[in-house]
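Heads up, the thing below is written out as structure tokens.
Every read-out reported here was derived from the displayed coordinates using simple, explicitly stated rules and does not represent laboratory data. Bear in mind that the values here come from a model prediction, so they are computed numbers and not experimental data. A quick note on method: Cβ atoms are made from the backbone with ideal geometry, for glycine too, and the neighbour counts reach across all protein chains shown.
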Amino acid sequence: MSNDAVIDQLNEILKHEWTGVAQYSQASFIIEGQWREVFAEKFQGDAKESFKHAQLIGDKIVSLGGVPVAQRNDIKQSRDLTEVLQNSLAFESKAVEMYEKALDLAEGNRPLVIFLEDILLEEQEGVEEYTKLLRDTQASEQEASQRSAG
Ligand SMILES: [Fe+2]
């Protein structure tokens, strides 16, 4: 395992987690209407999860002898709830991909593998959660169109 390659990938992950802190916080700030009651808190929770992951990854980068980045990528934002859910699913899916790549690089370092696997599980939960939320949306749209057609 090359330490530099792992540190580089962890820094890419850290950037992504900082992006999550900003993107989910922004989503929780701007959501209005009846769904605000449900989703403002949900998005805040996801922002906190990204921050928790950022803390874990930042600490690990220093442990491995690297310097954690303070930059983030551009965020995606929308006032359309379905679009926000789609952006969230894309965000979580990218996180899964990034942790899987880090796991490939960490091969042979058992503690690092376990550390990354624990976070990967939470990212996968995010993918599954947003997939289900979007499935419900599409299902109810289909139902509505079937009702009006029948
Ligand atoms: Fe994360």
Which order do R72, R79 fall in if you start with the one that has the fewest other Cβ atoms within 10 Å? R79, R72
Hey, got the dipole for the chain? About the Cα centre, +1 on K and R Cβ, -1 on D and E Cβ, debye to the nearest 20? 320 debye
Furthest towards positive pole of dipole, T19, V6, F115, structure part the chain, Cβ charges: T19
Averaging sequence separations of C-alpha pairs under 8 Å and six or more residues apart, then dividing by the length of the chain, give the relative contact order as a whole percent. 28 percent
May I ask you to order 103-109, 35-41 by the average number of other C-beta atoms within 10 Å around their residues, highest value first? 103-109, 35-41
So how do S145, S93, S50 line up by other beta-carbon neighbours within 10 Å, fewest first? S145, S93, S50
Determine, for each peptide in 125-131, 96-102, the mean count of other beta carbons within 10 angstrom over its residues, then list the peptides with the highest first. 96-102, 125-131
If you build the convex hull over the alpha carbons only and average its shadow over all orientations, what do you get for the chain? Give it in nm² to one decimal. 9.7 nm²
